[in-house]
Structures are given as C-alpha cells and as structure tokens.
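Peer 1: Okay, here's the structure, questions in a sec.
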Amino acid sequence: MSVDTVSLTGWGRTAPTTALRFRPRTYEEAAVAVRGCGPRGSIARGLGRAYGDAAQNAGGSVLDMTALNRIRTIDAATGLVVCDAGVSLHRLMEVLLPLGWFVPVTPGTRYVTVGGAIGADIHGRNHHISGSFSRHVQDMELLTADGGIRTVRPGTALFDATAGGMGLTGVILSATLRFQPVATSLMSVTTERAVDLDDLMARLTASDHRYHYSAAWIDLLARGRATGRSVLTRGEHAPLHVLPARARRTPLAFRPGQLPVAPALVPHGLLGRTSVALFNELWYRRAPTYRIGELQKLSTFFHPLDGVPHWNRVYGRRGFVPYQFVVGFGQEEALRRIVRRISRRRCPSFLAVLKRFGNGDPGWLSFPMPGWTLALDLPATLPDLARFLDELDEEVATAGGRVYLAKDSRLRPETLAAMYPRLPEFRALRAELDPDGAFRSDLSRRLGL
Amino acid sequence: MKDAFGAPQSLLVLGGTSAIGLATARRLIARRTRTVWLAGRPSPALESAAAELRELGAYVRTVAFDALDSESHETALGKIFTEGDIDMVLLAFGILGDQGRDEEEPLSAVRVAQTNYTGAVSAGLVCAGALQAQGHGSLVVLSSVAGERARRANFIYGSSKAGLDAFAQGLGDALHGTGVHVMVVRPGFVRSKMTAGMPEAPLATTPDAVAEAIVTGLRRHSETVWVPGALRVVMSALRHVPRPLFRRLPV
C-alpha cells in the first residue's frame, strides 16, 4: 500500500488541507489503514468529485479507494453487479453497456466511484422516476470503526445512515447494484424552450412523468420578463428501431468523445458577467423551440462536461463554489424569490440546472426531497459571495428546504441542523458505532456532523 | 475548519488587547468564527476585550501569555491546541517603544526587539508546529511598513519588524504544501492607542481597515497584504531611493 503526504481539495479547488494518503489495494489493507489512523481519523476518497471538503481530512488519513477497482461479478440475466467501491461509473458503463445494462442513476459526471455515489447518495436526471443511487443498492460491505467488515442491507439504520452519510459511518468496500436494461446506448431527446420561470415550472409539472430523464438548463443572468428562461432537455433510452441502419449494427457502443484538457492556468476572471451572459444568450438562442426524437450519445446527454478533462480549472486558481438546494412542492414562491435574487445580483453562473425531484430517499442525510432543486456554480472570487449565499441559506431553510452536502464548502453548522431533521439520529448512531472518531473529514469538523 | 472563503471557525489572537487583533476578531465573528482565544498578559483590559467579543455571540476564552517569556510559550500555547483545532492564529502583539529613550537606554531597546522579534519567533514556531500537525490553518503575522526600510525616526522598532517580516516570509515558504498558510500583513501608520499622540504619517489607516484587509487576504489566500494597498507601490519606490536622499526625506 503506497502512502504519501498530499494537499487535497474538492472539485471546487477551495480550502486545501494536507493529509496522509493511503492507497489500499485490498480490503485488508484498507482495514489496516483505518485501524492505524491516529487521533485525527480517516476518511475514504474516490475520484475527488465532491465539490467541497467532504473527502479531505486535515492532519489525518485519507484512503484513496481508486485502487480497489475490480468488478467482481456480473449477472447478465438480471443486471446484478457486484463491484468494489473504487470502481467508477465510467468503468461500469464501459463494461456493462455492451451487455445491455446501464447504471441506475448517473450524476452530471461519470467519473465518480460507487463508494462516493453511495456516500453522497447522488441523484440524476431520473430522480423523479428512479430515486437516488442508494435505492438501487442491494447490499454493501462496510468497514466500520472497529476494523470489522459488515454486510449492510437496505432497511437497516446503518444503511440509511451510510447512504448520504458522506463516508462518516465507515469505508464502503463493495456494493451490489441493480442495473437497468437498455436496448441502445443512444438517447432520444426532446428539447424545448421555456420563456420564463413560471413557464418552465408549468412545463415540468405537466409532463415530467412522461420522461425517464428530465432537467432544465436555466439562464440565471436573464432579467425582467425573461427571468428564469430555460432550455428543457428530457429523454429516454432510445429503442432499437429508431436508430438509423448504420448505428443499428453496434447499438450498444460506448464511445464518449474527448476534447483537449483545460489548461492548468486560467485567469480567474475568465467566467465574468459579460462572457457568461454572452454564453447564456447563445445557448438559449441556439436551442430549438421544440424538437423531439433527436438522437444523442449518452455522454452528450448526461455528461457534457466530462468531455473536457479538468474542466474545473476554467474558474482559475481560486476555484469555484457550487450551490445546490431543494425546496419542497408548495414553496414555489421561495424558488421564484431566490431565482430573482440571483438574477438581480447578476451572478455569472453559466451551468445552472433546475429539476423536479420525486419522492425523498431513505438516507438520513440524503439530499433529495420532493420539490424543486436548483444547482449553480459561482466563481469563489465574486465580491461578498459568502454573505449572499448565507442569505440564500436562510431562504432555503425557512422554506423547509436544504442544501446538498456533496456540493457544500461553506454552510453554517446551525443552518445544517435546521435543514436535516434526522441529523440527531445520525450523530447518535455515529457516537455509538464510532466513539473515538475513527472517521472524520473536514466536512464533519466544519459542520459538527 | 475554514470554509471556501477562508473564514475560520476558531481564532487565536496572540496579543489579546491589540486593536487590530480585536477588530479582526469582530469581523470574523460576523462571518463564521465561534471560538476565540485571547492570549495576553492577564489584565482588566484583556477581560473587557473578551467580554466585548462575548457580546457578539462568540465563545471567548482568555489565556495568560507573555511574549517576553519565551520558555513558557510551548506549554501556554500547546494547551490551547489540545482543546480543539485552531483555524487561524493572529500574531498581533508588539510594542512601539520610544525611539529617543531606547537610544539612550539599550535595555529598553532590547525589550522592543525581544517582544517584537524573539517573542514572535518562539510563539510563531510553536503555533506553526501545532498548525502543521492539524494539517490546516492560517498564521497571520502583523508586520509593518517600518520593517521594509529602516528610518532614522524609528529604526529600533523598524529593525525588529524587519526581522519578524523576514522570519514570517521564510516560515511561509517552509510551510508551503503542509496545508498551513502564512500571511504577512504590512500596515502603514495605524491610528490606535499604540500610536496615540504621534504625528500621523501619510496613508494612515485604521484597525478596521487592517482587519478588512486580513479577511480579504484570507479569502484570496494571499501571502503578503499591504494596508492600504497603495503602500505596496510607495514602498517599492522608497526601497530604491539612495541613502543620502532617503536620509533627508521628511518621513
């Protein structure tokens, strides 16, 4: 097992801290690293796609799980897959798409590990139909603070604490996942424009249930009557018969394209108000008012940013701060207020996404709840951004909503408790299972999880 | 832990009655700071400073600390770090001395040097070690423009700050990559009780302005901060003025 001292940040590249990094290749090595961790504890880390400080542990140990990357068994008849926690969704797609199986839930990037997907209980564009990632986990092996390995099944307290538990209940070593069958690797996509926020919400409410995948890109810089204008992209896995003859010969090919790597040094003002406003204008005008049945590659539909390796560098050295919140149905007024505030403030966010969530998930700290979720990325250098986001937190908490921990790097501990009502149970379980704090992260220290 | 904007949750002020230290603490409490340690010689002033910060909603503790007693630093400061992470240490103690008297009485000049330099070296190293062990944190060192180039009017104070400044820069480089961030703050003339009754220099500033610059520096992860920012240009010009001319300048 290799060991080194590294400075780590999340994908947002803010708040670096230094830790001892272990790279276990077997479950035993992982257990040794956890048992040997000092008073500052340990935390598992996958591909570092959590935006904030969830997979950092200042002065302690970080277990880089990416060497535990074997797919152990595949049941091609039922779509049950057993794999190590360090396997990425990218790898699972590479291996399983040709067999006609697709991951049950994918976020905006394929470069997340299975362990990270469970730990953050990620959601995708199909949340309103399929729920979060952990709903498709049949069981998992969890390395707990005592150094033992437990099999954890849904319906137990430990499972619900681990799903969305940000790695603080233990190290997920492997999981059994239920995949969904697909006939092709293409998506049949419907694109439409919404002229403002109300139009968008009306369209999503009226017809979301007809699509398996649905999300809308929203222009947060548009003002006045255009506030909240959006482009909805909703789709299905394309059935075989809609493919052109040529594509029908290899219907399950998985060929994500790759663009050049983002340069290491980008001036931090690149994504300013003007450039982002221009981008948004073009993006909105380029979109068709209504188009159905367009065939897109999986990677284009789900993971457009994965085409540019290290895209997080475009925000420059000082990084960026993502913000994602959800407010329940019935709190549309809060959503409108927040969108208006962001647009009035002219925050340069060029990849903002609005989506309707379906039913909540069982994880105690799982983010999704039935309602509206808005995700945006902002350069960390915006003046007075810290205070502005604090004000948004207040709005969200007052509306009974919450912000997403996998994207958080700045929440107040007091606000967190108001947003996650099952936090006391989570703390109690942790106190019982891990009294000495073998699992800690910068996130857990900052928020007192 | 510090958040994405560099705002600390816990703060240790060395020199707990320093006007700049308290102005910074007030600003940080308005952001994320919940725990403040004020280290200084036990005095009513220290307690009233603590009481003032408590009113802002922070959990404040005072701890006895004497810059001149280097031997005690290890235990006095080490104890603070055992009670929890410190996200930011503000090294704010220092004395101005009285140039005229100090030139007459070498021992009182030595006191200035020992407080501002020797004391800061030992306290700085103790804190740097503790921050390094916790893998994160900022050490903010209050230097001064007086250390940038020695002036006839205050070279004893200036030389002590020059030493401190060089020490802090080197420490910053030594700690690069350990997760610890060292920031050197060089204010100009600051209107405070330390400078009360002195003739004001050009580009004078206030403790609040220095505090604001510190908060911005934390957000930007700066290594050097000048307050006001214009001093950076002024001093880089003054640094190159020939000695015979510099001697005659009315600064």
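The values are calculated or read from the model by the stated rules, or taken from the named source; none is laboratory data. Given the structure is predicted, the values throughout are model-derived calculations rather than measurements. In this analysis, Cβ positions are derived from the backbone assuming ideal geometry, glycine residues included, and neighbour counts consider all displayed protein chains.
Peer 1: Restricting the search to segment A:252-295, which residues are without any contact (Cβ under 8 Å) to a residue 60 or more places away in the chain and polar (S, T, N, Q)?
Peer 2: If the condition is that a residue be without any contact (Cβ under 8 Å) to a residue 60 or more places away in the chain and polar (S, T, N, Q), then A:GLN258, A:THR274 are the ones that fit.
Peer 1: List pairs: first residue in segment B:193-222 and basic (Lys, Arg), second residue surrounded by 17 or more Cβ atoms within 10 Å (Cβ to Cβ) anywhere in the structure, Cβ distance under 6 angstrom, at least six positions apart or on different chains.
Peer 2: Within 6 Å, the pairs are B:ARG219/B:PHE5; B:ARG219/B:GLY6.
Peer 1: Return the total of residues in segment A:394-417 being surrounded by fewer than 17 Cβ atoms within 10 Å (Cβ to Cβ) and away from chain B (no Cβ under 13 Å).
Peer 2: Adding up the residues that qualify gives 3.
Peer 1: Now for a separate question. So, in segment B:205-251, of the ones that are within 14 Å of chain A (Cβ to nearest Cβ) and part of a loop (DSSP other than H, G, I, E, B), which residue ends up nearest to B:LYS2 (Cα to Cα)?
Peer 2: Here is the first cut: in segment B:205-251, the ones within 14 Å of chain A (Cβ to nearest Cβ) are B:212, B:215-223.
Retained after the next criterion (residues that are part of a loop (DSSP other than H, G, I, E, B)): B:221-223.
Working: B:HIS221: 11, B:SER222: 15, B:GLU223: 17 Å.
The extreme case among them is B:HIS221.
Peer 1: Further question on the same structure: If only one of A:VAL321, A:VAL353, A:VAL339, A:VAL314 is over 20 Å from A:GLY124 (Cβ atoms) and surrounded by fewer than 20 Cβ atoms within 10 Å (Cβ to Cβ), which one is it?
Peer 2: Details: A:VAL321 fails: surrounded by fewer than 20 Cβ atoms within 10 Å (Cβ to Cβ); A:VAL353 fails: over 20 Å from A:GLY124 (Cβ atoms); A:VAL339 fails: surrounded by fewer than 20 Cβ atoms within 10 Å (Cβ to Cβ).
Every option except A:VAL314 fails the conditions.
Peer 1: Please report, ordered by residue number, the strands (runs of 3 or more DSSP E) entirely within segment A:32-141 with at least 2 residues that are without any contact (Cβ under 8 Å) to a residue 60 or more places away in the chain. Let's see the steps before the verdict.
Peer 2: Details: elements: A:42-45, A:61-64, A:71-75, A:80-84.
Qualifying strands (runs of 3 or more DSSP E): A:61-64, A:71-75.
Peer 1: Kindly provide the set of residues from segment A:1-30 that are away from chain B (no Cβ under 12 Å), of a type in the set (Val, Ile, Thr) and assigned to a loop (DSSP other than H, G, I, E, B), ordered by number.
Peer 2: A:THR26
Peer 1: Can you name the number of the only condition in (1) part of a loop (DSSP other than H, G, I, E, B); (2) crowded, with 17+ Cβ neighbours inside 10 Å; (3) not hydroxyl-bearing (Ser, Thr, Tyr) that B:PRO202 fails?
Peer 2: Every condition holds for B:PRO202 apart from (2).
Peer 1: Checking the structure you have, find out if any residue of segment B:20-27 is within 14 Å of chain A (Cβ to nearest Cβ), of a type in the set (A, V, I, L, M) and in contact (Cβ under 8 Å) with a residue 40 or more places away in the chain. Spell out the reasoning first.
Peer 2: First, pick out the residues of segment B:20-27 that are within 14 Å of chain A (Cβ to nearest Cβ): B:27.
Filter again for of a type in the set (A, V, I, L, M), leaving none.
No, there is no match, as no residue in segment B:20-27 is within 14 Å of chain A (Cβ to nearest Cβ), of a type in the set (A, V, I, L, M) and in contact (Cβ under 8 Å) with a residue 40 or more places away in the chain.
Peer 1: As an exercise: evaluate B:ASN154 against (1) under 30 Å from A:THR9 (Cβ atoms); (2) part of a helix (DSSP H, G or I); (3) touching a helix residue (DSSP H, G or I) at 6+ places or on another chain (Cβ under 9 Å) and give the number of the one condition it does not meet.
Peer 2: Single failed check for B:ASN154: (1).
Peer 1: Of the residues B:VAL140, B:VAL121, only one is touching a residue at least 40 places away in the same chain (Cβ under 8 Å), buried (at least 23 other Cβ atoms within 10 Å of the Cβ), more than 17 Å from B:LEU231 (Cβ to Cβ) and within 15 Å of the chain's Cα centre (by Cα); which?
Peer 2: Details: B:VAL121 fails: buried (at least 23 other Cβ atoms within 10 Å of the Cβ).
Unique residue meeting the criteria: B:VAL140.
Peer 1: If you go through segment A:291-317 one residue at a time, how many are more than 16 Å from A:GLN258 (Cβ to Cβ) and of a type in the set (A, V, I, L, M)?
Peer 2: Total satisfying the criteria: 3.
Peer 1: Here is a check on your reading of the model: is A:GLU391 within 14 Å of chain B (Cβ to nearest Cβ), acidic (Asp, Glu), part of a helix (DSSP H, G or I) and over 17 Å from A:ASN126 (Cβ atoms)?
Peer 2: Yes.
Peer 1: Determine, yes or no, whether B:GLY197 is modelled with pLDDT of 95 or more and more than 14 Å from chain A (Cβ to nearest Cβ).
Peer 2: Details: modelled with pLDDT of 95 or more: no; more than 14 Å from chain A (Cβ to nearest Cβ): yes.
No; evaluated as a whole, the condition is false for this residue.
Peer 1: Then there is this: For residues that are in contact with a Ser or Thr (Cβ under 9 Å, 6 or more places away or on another chain) and hydrophobic (A, V, I, L, M, F, W, C), tally how many sit in segment A:227-270. Explain how you work it out, then say what you get.
Peer 2: Of all residues in segment A:227-270, those in contact with a Ser or Thr (Cβ under 9 Å, 6 or more places away or on another chain) come to A:227-228, A:231-240, A:242-243, A:247-248, A:250-257, A:268-269.
Then drop every residue that is not hydrophobic (A, V, I, L, M, F, W, C), which leaves A:231-232, A:238, A:240, A:242-243, A:247, A:252-254.
Counting residues in segment A:227-270 that are in contact with a Ser or Thr (Cβ under 9 Å, 6 or more places away or on another chain) and hydrophobic (A, V, I, L, M, F, W, C) gives 10.
Peer 1: Going through A:LEU411, A:LEU443, A:LEU351 one at a time, which residue ends up being under 18 Å from the mean Cα position of the chain (by Cα) and within 26 Å of A:ALA30 (Cβ to Cβ)?
Peer 2: Numbers: A:LEU411 fails: within 26 Å of A:ALA30 (Cβ to Cβ); A:LEU351 fails: within 26 Å of A:ALA30 (Cβ to Cβ).
Within the list A:LEU411, A:LEU443, A:LEU351, the selection yields A:LEU443.
Peer 1: Regarding B:LEU90, is this residue away from chain A (no Cβ under 14 Å) and surrounded by fewer than 21 Cβ atoms within 10 Å (Cβ to Cβ)?
Peer 2: Numbers: away from chain A (no Cβ under 14 Å): yes; surrounded by fewer than 21 Cβ atoms within 10 Å (Cβ to Cβ): no.
In short, no.
Peer 1: Are any of the residues in segment B:38-51 within 14 Å of chain A (Cβ to nearest Cβ) and either closer than 18 Å to B:VAL141 by Cα or part of a helix (DSSP H, G or I) (or both)?
Peer 2: Filtering segment B:38-51 for residues within 14 Å of chain A (Cβ to nearest Cβ) gives none.
Within segment B:38-51, none of the residues are within 14 Å of chain A (Cβ to nearest Cβ) and either closer than 18 Å to B:VAL141 by Cα or part of a helix (DSSP H, G or I) (or both).
Peer 1: Which condition number does B:THR82 fail, the rest of (1) more than 14 Å from chain A (Cβ to nearest Cβ); (2) surrounded by fewer than 18 Cβ atoms within 10 Å (Cβ to Cβ) being met?
Peer 2: (1)
Peer 1: Further question on the same structure: Those residues that are among the hydrophobic types (A, V, I, L, M, F, W, C) and either free of Cβ contacts under 8 Å to residues at least 24 places away in the same chain or part of a loop (DSSP other than H, G, I, E, B) (or both), I need them from segment A:342-375; list them, please.
Peer 2: Within segment A:342-375, the subset among the hydrophobic types (A, V, I, L, M, F, W, C) is A:342, A:347, A:350-354, A:357, A:364-365, A:367, A:369, A:372, A:374-375.
If the condition is that a residue be among the hydrophobic types (A, V, I, L, M, F, W, C) and either free of Cβ contacts under 8 Å to residues at least 24 places away in the same chain or part of a loop (DSSP other than H, G, I, E, B) (or both), then A:CYS347, A:PHE350, A:LEU351, A:TRP364, A:LEU365, A:PHE367, A:MET369 are the ones that fit.
Peer 1: Return yes or no: is B:ALA7 modelled with pLDDT of 95 or more, away from chain A (no Cβ under 14 Å) and surrounded by 15 or more Cβ atoms within 10 Å (Cβ to Cβ)?
Peer 2: On the way: modelled with pLDDT of 95 or more: yes; away from chain A (no Cβ under 14 Å): no; surrounded by 15 or more Cβ atoms within 10 Å (Cβ to Cβ): yes.
No; evaluated as a whole, the condition is false for this residue.
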